[in-house]
Amino acid sequence: MARRLDVTGADGVRLAAWDFTPGTAPQAGPGVLLLHGLMGHAAHWAPAISRLTAAAARPDTGSPGIGLPGPGVPVPGSSGIGLGPGPFDTGVPRPGPGAPAITLPAPGAPSVLSASSVPRRPGPHPRTIALDQRGHGHSEKPPGGVFTREAYVADAAAAVEQLGLGPVTLIGHSMGALTAWQLAAERPDLVHALVICDMRASALGAASQREWRDWFRRWPAPFPSLDAARSWFGEEDPWVERPNPARGAFFAEVMAEHPDGWRPVFDPEQMLTSRETWVHDAHWESLAQVRCPTLVVRGLDGELGRAEAQEMVRVLPRGAYAEIPDAGHLLHYEHPDAWREAVGPFLNGVLTS
């Protein structure tokens with residue numbers, strides 16, 4: 001089961017972090033920090049991180065190391081999960097009878113990576129922590145709170161420092177990826193390596209923000225049931241081109257029951273405020289300042305186009321690229337096995353370097 005760790009973020013906001021490291025004893029030393037995207041929460045990483053970091057610390061078998069990527073080096077391969085209540089429980093729905101818990105396999109469990117391709121060394125599993133960012137999951141959602149880029153980056157830095165994770169390997173999805181690379185640019189002392197999942201460096205513009213505001217207004221919330229929420233986000237939402245059960249499940253996991261029905265655990269206005277702070281600007285300059293090994297991952301049908309992703313790799317001093325066929329924006333959630341196969345070689349390389 002994931003263990004909750006409390007972090008004090010910028011301006012004193014209370015943040016919930018979740019330790020997915022196998023075993024019961026706290027692990028020391030550098031680790032992996034996962035940052036979810038807008039509207040997400042830590043449990044959304046659970047399918048993707050299962051077995052991902054376990055192989056990196058197994059006893060040495062003499063297999064070759066993958067090593068750190070140089071400029072432009074490609075990388076081959078390409079409901080109801082609850083986290084339990086805390087002292088400031090936000091009402092994320094807990095699993096009912098028979099629902100899955102968040103677990104990682106015991107040390108030595110099979111990896112999705114082949115034995116011949118995984119570098120190995122003795123030692124503990126690297127710590128794997130997922131952070132509920134401010135306004136999300138079990139972290140605080142202060143009315144009138146600060147939701148700037150600076151605050152999100154400062155929160156991530158606070159998590160790395162307070163949990164003793166540095167120099168950390170950051171894995172970020174969407175807005176979380178932007179936070180991750182801005183932290184890597186501003187605090188290179190804290191970051192060892194970086195994975196960017198489906199986040200654009202170019203400006204999305206005012207039209208994009210208007211579309212999101214209109215989209216939130218179209219939500220038929222409160223939903224009469226979780227099944228109704230799952231169905232709307234997976235099939236009936238005008239943004240859905242074809243039925244997508246995984247998308248429905250993703251959004252059902254951020255719904256909480258109220259007297260009048262099921263509503264999101266986040267405040268849509270806070271989400272729009274968070275988004276307002278980055279959609280109008282391009283982020284190429286901060287991307288170019290990232291000096292650590294960095295993997296850019298996109299889904300074939302995601303929001304990050306291939307040309308822009310490859311330009312991001314070119315701009316990064318030590319960039320690499322991976323693409324997941326048949327995946328959309330929620331690539332790590334919809335296709336966790338393919339995501340692990342794409343990210344695993346890079347991650348194992350940097351964790352054993």
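Coordinate-derived values only; no laboratory data. Here the structure is a predicted model, which means the values were calculated and not measured. Backbone-built Cβ (ideal geometry, glycine too); neighbour counts: all protein chains shown.
Points worth noting:
- Close amide H pairs (under 5 Å, H built 1.01 Å from N) link GLN133 with HIS36, residues at least 5 positions away or on another chain.
- In sequence order, calculated HN-Hα J values of the stretch 38-46 (Karplus, 6.51, -1.76, 1.60; Hz; x Gly/Pro): 4, 6, x, 7, 4, 5, 5, 7, 3
- Ranked by the mean number of other Cβ atoms within 10 Å of their residues, highest first, the peptides 278-285, 163-170 come out as 163-170, 278-285.
- Near VAL296, the amide H atoms lying under 5 Å from its own belong to ILE196, ALA320, TYR321, ALA322; only residues 5 or more places off or on other chains count, and H is placed 1.01 Å from N.
- Take 9-22, 180-193 and order them by the average number of nearby Cβ atoms within 10 Å per residue, most first; the result is 180-193, 9-22.
- Cα gyration tensor, the stretch 249-338 - rounded (a/c under 1.5), prolate or oblate: oblate
- Reducing the stretch 151-183 and the stretch 328-346 to their Cα centroids gives an inter-centroid distance of 20 Å.
- In a fully extended conformation the segment linking HIS258 and GLU303 would gain 12.9 nm over its present Cα-Cα distance, using 0.36 nm per residue.
- Tensor-based shape of the stretch 175-318 (alpha-carbon gyration tensor, a/c under 1.5 rounded, otherwise prolate or oblate): prolate
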